[in-house]
Every structure is written in structure tokens, then in C-alpha cells.
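Peer 1: Take this structure, written in C-alpha cells, and hold onto it; I'll ask about it next.
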Amino acid sequence: MINLFAEILSYAPLILSVLSAFSLFMQGWKKDEAKLILSYFMAVGSLFYVFHSYKISGNLAVYNYLFPGFLTCVMLGPLLFNLYVRSLTIYRGFGKSLVYHFLPAFIYMYIGSALYFKLDFNERIYFLENQDQPYFVGNPYFTFLFFFMNSYKIIFISQLFFYFISMRIILVRHQKTLNHLFSANSGFELNWVSIVVWFIGIWSISALLSALFLTNSFSASGTFSFIIAFLNCFFIGAIYILASMQKNIQTLNLSIHVNEEDFQNHIIKLKLKERLLHSFEDKKLFLKKDLNIWDLCRETNSNRTYISKVINEEFGMNFSCFVN
């Protein structure tokens with residue numbers, strides 16, 4: 001009975017990933033870009049579990065055809081989750097540099113496949129059975145292919161570290177933006193995302209120190225395999241539930257800029273607007289006889305260009321109308 005339950009649980013992450021991908025896709029279709037990106041992440045996770053199920057079952061007759069796809073899924077996972085986090089903030093995507101982030105997946109999918117499928121069926125089976133051996137006696141091509149295909153581990157750890165730092169920076173900037181634009185508890189806070197990002201940081205450190213990849217740990221048997229499957233079910237389910245409830249700031253169509261320079265200009269404009277309102281509403285500066293824009297410059301510690309721009313853009317009028 002226990003073995004049956006463990007067998008069912010081993011497929012639970014795959015089932016949860018498929019259902020989550022479908023549900024998020026339906027929620028995000030033409031409505032919410034963040035949920036749509038997360039549905040892609042879940043879909044890639046689903047493929048990963050399908051490929052990996054053949055690996056851990058020892059069905060190399062099928063898995064040998066899926067091996068490059070398995071590595072591609074590993075490369076896409078961290079990137080897609082990073083894109084999801086970015087899509088929840090004002091810092092959307094990577095711009096034109098996004099194509100470079102897909103290079104590792106492209107290399108393993110196409111170049112890796114070309115190199116790997118130069119081997120015949122029996123050679124591929126032998127290669128997969130001896131993946132833990134860095135040298136293949138009498139076959140230098142096997143040795144080269146071993147180092148090339150197994151370099152995904154180094155790239156994977158590098159991705160975890162890079163995207164962890166990237167997401168932490170984005171989340172801090174996003175929180176600063178919220179503080180300037182919304183009151184507390186606006187619903188756009190990403191506290192749960194921060195926890196997941198810290199989990200990724202811890203995962204990257206443990207992978208670097210102990211080489212215990214999630215992608216490899218499923219091959220473990222017994223209690224450890226059971227615990228890993230349970231944790232993955234919890235992880236996938238928690239992300240799905242929290243992501244479904246998460247409000248996306250992009251759906252408000254706010255005119256918030258996405259690069260650092262524009263963001264700082266936006267904050268300066270907001271602060272100048274506050275000083276203008278304070279000068280007129282609280283200090284009654286409009287009562288001053290012959291008030292001119294240079295008086296306002298001295299009062300707000302700003303310049304004529306900024307003040308004119310704020311009055312024109314934020315209040316939709318010129319200086320004279322604003323004073324009146």
C-alpha cells in the first residue's frame with residue numbers, strides 16, 4: 001500500500017504541472033501577461049517531468065531520444081521564472097537582449113542534438129548508461145560529448161545565481177515604486193515571490209557546494225525520493241495558488257517607465273508635484289502679488305523647465321491658469 005502511494009506521488013508533480021499550466025494559460029490568455037508566462041514555465045516543467053520519468057524508470061530506449069529536450073527544459077526553467085517575476089513589476093523583460101538569455105537552451109536543443117544524434121542507437125544507450133564516467137576508453141568523441149552535454153550543470157548553477165541577483169534587484173526597485181505610487185497593502189506586494197527567490201538563492205548555493213541538483217535528485221530511491229516528490233508537489237501547488245491570487249500592476253495600464261533613468265525622472269516629477277501643491281494649498285503662495293514662475297522655482301527648489309513640464313503634464317494647464 002505504501003509503495004502504491006509512493007508510486008502515485010511520484011507522478012503528482014507532473015499532474016500538478018499540467019493542470020497548473022492549463023489553468024494559468026486560460027487565466028492569462030489576452031488578460032494577464034504574467035500568468036501567461038508562468039503557464040509556459042509550468043508547461044516546461046511538465047515536459048521536464050515527462051522526460052525525467054523515462055530516465056528514472058530506466059527506459060533508455062525512449063529516453064535516449066528525449067535527452068536533448070530534457071537538457072533544454074533545464075535551461076529554460078530559471079529564465080522563464082525570472083521573466084514571470086519581471087512581468088509582475090514595472091521592469092518587464094530584457095528588451096532586445098532577451099534573445100541572448102535563450103542561447104543556452106538553443107545550444108542544447110540544436111547544436112547538442114546534432115552532436116548527440118551523430119551516435120547510433122546503441123552508442124547513445126551506452127553514452128547514457130556511462131554518463132558518470134568522464135572518459136571513454138578508445139573513443140575521444142564520447143569524451144568530448146560527455147563534457148559538452150554535462151556542462152549544463154555549470155550553466156544551470158550560473159543561471160540560478162545570475163537570476164537570483166537579478167530578481168532581488170528588481171523586487172527591491174519594485175517595492176520602492178510601490179511606496180511612491182500606492183498606499184500600504186495595495187495588493188501589488190510580492191512578498192511570496194521574494195520568498196521563492198530566496199529559495200532559488202539557497203538552492204543555487206547548495207547546488208554549488210554539494211552538486212545536488214533537483215534534476216538529478218529524482219534518481220534517488222526510497223524515503224529521499226518520496227520527500228523530494230512531496231516537496232515538489234507543495235512547491236508547484238503553492239506557486240499556482242499564490243500566482244492565481246496575485247494582482248499584476250501591468251493590468252492597470254499605468255504610465256510607469258521601465259528603465260532606471262525614466263523611473264528616477266518619474267519620481268522627481270511626483271515629488272515636485274507634491275511641493276507645488278504644498279506651496280499653493282498650505283502656504284497660500286497664490287496670494288502673493290505679481291507671483292511669477294521664478295518665485296515658484298525658489299519656493300520649490302526647482303527650475304522653470306521642470307515646473308512648467310509638471311504643470312502642463314500633471315495638471316493640464318499653463319502657469320497662469322494654474323495660479324488662477
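The values are calculated or read from the model by the stated rules, or taken from the named source; none is laboratory data. Computed from a prediction, not measured in an experiment: that's the story for all the values here. Positions of Cβ are backbone-derived with ideal geometry, glycine not excepted, and every protein chain shown enters the neighbour counts. Remember, those area values only see protein heavy atoms, side chains included, never the ligands or the DNA or RNA. Shrake-Rupley method; radii C 1.70, N 1.55, O 1.52, S 1.80 Å.
Peer 1: Does any residue in the stretch 148-161 that is farther than 27 Å from Lys118 by Cβ come within less than 9 Å, Cβ to Cβ, of a residue that is exposed (fewer than 15 other Cβ atoms within 10 Å of the Cβ) six or more places away or on a different chain, and which pairs are these?
Peer 2: Ile157/Leu208; Ile157/Ala211; Leu160/Ile205; Leu160/Leu208; Phe161/Ile205; Phe161/Leu208
Peer 1: Residues that are hydroxyl-bearing (Ser, Thr, Tyr), under 30 Å from Asn248 (Cα atoms) and touching a residue at least 60 places away in the same chain (Cβ under 8 Å): does the stretch 64-83 have at least one?
Peer 2: No, that holds for no residue.
Peer 1: Next question. If Ser210 satisfies every condition in (1) at pLDDT 60 or above; (2) farther than 28 Å from Val18 by Cα but one, which is the exception?
Peer 2: The failed condition is (1).
Peer 1: In the stretch 48-163, which helices (runs of 4 or more DSSP H) lie fully inside it and hold 1 or more residues that are among the acidic types (Asp, Glu)? Before the answer, list the steps.
Peer 2: Details: elements: 60-87, 98-101, 103-106, 112-116, 121-129, 140-150.
In the stretch 48-163, 121-129 are the helices (runs of 4 or more DSSP H) which contain 1 or more residues that are among the acidic types (Asp, Glu).
Peer 1: Name every residue in the stretch 54-72 that is of a type in the set (Val, Ile, Thr) and open to solvent by 50 Å² or more (accessible area, probe 1.4 Å), in order of residue number.
Peer 2: Answer for the stretch 54-72, where residues must be of a type in the set (Val, Ile, Thr) and open to solvent by 50 Å² or more (accessible area, probe 1.4 Å): Ile56, Val62.
Peer 1: Tell me which residues, restricted to the stretch 180-205, are assigned to a helix (DSSP H, G or I), open to solvent by 30 Å² or more (accessible area, probe 1.4 Å) and at pLDDT 70 or above.
Peer 2: Asn191, Trp192, Ile195, Trp198, Phe199, Ile202, Trp203, Ile205
Peer 1: Quick check on this structure: which one of Leu24, Leu36, Leu76 is open to solvent by less than 10 Å² (accessible area, probe 1.4 Å) and of a type outside the set (Val, Ile, Thr)? So that I can check it myself, show each step before the final result.
Peer 2: Values: Leu36 fails: open to solvent by less than 10 Å² (accessible area, probe 1.4 Å); Leu76 fails: open to solvent by less than 10 Å² (accessible area, probe 1.4 Å).
None of the others qualify; the one that does is Leu24.
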